[in-house]
Amino acid sequence: MDILLKADIGGQTLSIQTGKVAKQASGSVVVQYGETTVLVTVVSANNERMVDFLPLSVEYQEKIYAAGRIPGNYFRREIGRPSEKETLTARLIDRPIRPLFPKSYRFETQVIATVLSMDQENDPDILAMVGASAALEISDIPFAGPIASVRVARIDGELVANPRLSDIEKCDINIIVAGSKTGVVMVEGGGDIVSEADMLEAIFFGHKALQPLIDMQEELKKAAGRAKREFIPPEKDQTLVQLIESKAVEGLHEAVLVPAKMERYAALRKVKADIFENMGEDYADRKDEVYAIFDDLQKQICRDIILKEGRRIDNRKFDEIRPISCEVGILARPHGSALFTRGETQVMGVLTLGSGPDEQRVETLSGEEFRPFMLHYNFPPFSVGEVKRVGGPSRRDIGHGGLSTRAVEKILPPKEEFDYTIRIVSEVLESNGSSSMGTVCAASLALMDGGVPVKSPVSGIAMGLVKEDDDIAILSDILGDEDHYGDMDFKVAGTSEGITALQMDIKIHELSREIMEKALAQARTGRLHILEQMITTIEQPRDETSPYAPKVMTIQVKPDKIREIIGPGGKIIRSIQSETNTRVEIDDSGLVKIAAFSAEEGDAARKMVEEIIAEPEVGVIYEGKVVKTTDFGAFVQIMPGTDGLVHISQLANKRVAKVTDVVNEGDMVKVKVLEIGRDGKIRLSRKAVLEGDK
């Protein structure tokens, strides 16, 4: 049965259709907004996997044909590795739906969102997020939805739902809000240094704006929903639970309060091993079951310490930040470097400056983009004391890098003031709680160490939540275990003036405005404390860039001179670059950019360009090369591409019978410009120079 439902969102019609295509999937919808169309399917296997996690995979794929183009790569097809945009969008889809599956659901489930059409005005990411929930709702898969998503932007002081792509450049708030009927479940985005109050207003504006999408999904489920498959979570052996509790509570309570992470893990492993060994042979083949109960007990003890004992597992106050240390200039050759340590989280930020050709070229549905700022996040296994295969960046790495990029890019100087390509690499050296926010701090320090004139330093903090009924604890600067056993991971980054980026995920079904308001206020206090520690190390950017950083010079030339600088087939510009060891770029407006690794090389290249674009002036003396002799005079090249005639009568201060008696081809002579005709012909005189020397 083909069903099509519509709703007005942000002044445009959003439609969800089901029953027409991809009918063999467990659930399938086509979501359209403007002329942007996304197909979202969901399938869940019938055989249960014996794993201790939800085997959910989410794929978001942008087909270049959606924009009416052929892929620009060598293979002329979408390559296998997802782009950064595809990876980040897949994470956006995954994060709000994952907590809504039943606990202990172990049937492999896959969500695939495919962009079929893109109108260059409406971003398909929001449609994919809405479609994932709608497909799950009408499927037989157990799912505690629906949820919906909108993008919220503030443009000229007005909040707008699902703004057009052409308007987003003008906004100072740009966030994605996912929510249920009664609360917010996820937030992702940033602002151009905006207040907590303004950000909170935008979040709940988004929650109100997405309500028609919730209603539409409920209606769609009534009309086309399949009966949910029966799923009964496995019951725990209560006798075994009580046995483990009687043996483990005291030892676990003591072990989880060990402050140092690796020592705590060692203590927990010992308690777990001792408990299992003392349980006897009757439980020898039930190790996984015993350990699962043990982990649940550990989680509850950690939460009870917070809610009932009013303290944290490392004995901090709820709003207390771990000790912070900062260093800058720790590496000699990179153009800026910093080491940021907060408790047991340590991040090294490394800055490299480049020129225009170093910009990242990215093919998107909107066309080619060139990005002058890159932030790359690396999370090696040794940072958490593990042994794993080292490969390319994971989805998590790309996601953390994306969040850190949003936090930092708002403080960068405009290209007109600082004409460099900027790359920051975050090397996570230790991790126990928000290495992404550590990355923001390390990146800010490295930028200032490298002499980048940032608007203001930026810091970041991760907040946590433990909630049971009316008992609530909001935690500042959470540990890894507090993130694992808590109910919220809320990251906020910004300057002393306001927020530049935030990201919120929760494991409970929704979050109230009151809790979010309190969390934002507590995050601000912690963020400013971290910022104070940072500026005691370096208060403002250094006056100059590193001596090892490239020097960028610019020259504005007349557009009609561009051809002369480039030369036939690029011969001249290549020659300049080769002789001076520089990079020379020129755009259609005549702006010439020279990037050199030393001031001397840059000056040499600039001099060569200036010689090419120079125009002769009457009365000025030039030294030039004789390029041709005739019976009536000699032609002298006084600058590249510019020749003039020295008439035989102007060769010397005496009568000359034959031109070659005075000069020959290849000779270098000094000549004075006597006249430049309307036709561009130049009259030169060697005689005037000789007479002037007397």
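The values are calculated or read from the model by the stated rules, or taken from the named source; none is laboratory data. Being a predicted model, the structure only gives us computed values, none of them experimental. For neighbour counting, all protein chains shown are included, and Cβ atoms are generated from backbone atoms with ideal geometry for every residue, glycine included.
Figures for the structure shown
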quantity	calculated
Strands (runs of 3 or more DSSP E) completely within the range 363-431 that count 1 or more residues being more than 30 Å from Val115 (Cα to Cα) and touching a Phe, Trp or Tyr at 6+ places or on another chain (Cβ under 7 Å)	421-430
Lone qualifier among Leu365, Leu351 - being within 19 Å of the chain's Cα centre (by Cα) and either closer than 28 Å to Ala462 by Cα or not assigned by TED's automatic domain parsing to the domain that holds Ala462 (or both)	Leu351
Residue ranges of strands (runs of 3 or more DSSP E) in the range 100-171 with at least 2 members at pLDDT below 95	none
Criterion: in contact with a Ser or Thr (Cβ under 8 Å, 6 or more places away or on another chain), closer than 30 Å to Glu510 by Cα and not acidic (Asp, Glu) - qualifying residue of Leu100, Leu116, Leu4	Leu4
Positions within the range 342-367 being in contact with a Lys or Arg (Cβ under 9 Å, 6 or more places away or on another chain) and within 30 Å of Glu482 (Cα to Cα), in sequence order	Arg342, Gly343, Glu344, Thr345, Val350
Close pairs from the range 407-422: first over 17 Å from Glu544 (Cα atoms), partner β-branched (Val, Ile, Thr) and assigned to a loop (DSSP other than H, G, I, E, B), Cβ under 8 Å, at least 6 apart	Ala407/Val458; Val408/Val458; Lys410/Val458; Ile411/Val454; Ile411/Val458; Ile411/Thr495
Criterion: of a type outside the set (D, E, K, R) and without any contact (Cβ under 8 Å) to a residue 40 or more places away in the chain - qualifying residue of Val177, Val194, Val115	Val177
Any hit, the range 3-18, residues being more than 14 Å from Asn162 (Cβ to Cβ), outside any strand (DSSP E or B) and of a type outside the set (Phe, Trp, Tyr)	no
Extreme residue, modelled with the lowest pLDDT, among residues of the range 1-58 that are among the acidic types (Asp, Glu) and either over 20 Å from Phe143 (Cα atoms) or surrounded by 18 or more Cβ atoms within 10 Å (Cβ to Cβ) (or both)	Asp2
Filter result for Phe340 (over 27 Å from Gly451 (Cβ atoms) and more than 17 Å from the chain's Cα centre (by Cα))	no
Pairs where the first residue, in the range 383-401, is under 17 Å from Val347 (Cβ atoms) and the second is of a type in the set (S, T, N, Q), C-beta under 6 Å, 6+ apart	Ser383/Ser431; Val384/Ser431; Ile398/Thr87; His400/Ser436
Ile562 surrounded by 12 or more Cβ atoms within 10 Å (Cβ to Cβ), over 30 Å from Val452 (Cα atoms) and touching a strand residue (DSSP E or B) at 6+ places or on another chain (Cβ under 9 Å)	yes
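Here's the yes/no breakdown for (1) outside any loop (DSSP other than H, G, I, E, B); (2) surrounded by fewer than 18 Cβ atoms within 10 Å (Cβ to Cβ):
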| position | (1), (2) |
| --- | --- |
| Met516 | yes, no |
| Asp543 | no, yes |
| Tyr548 | no, yes |
| Arg574 | yes, yes |
| Lys607 | yes, yes |
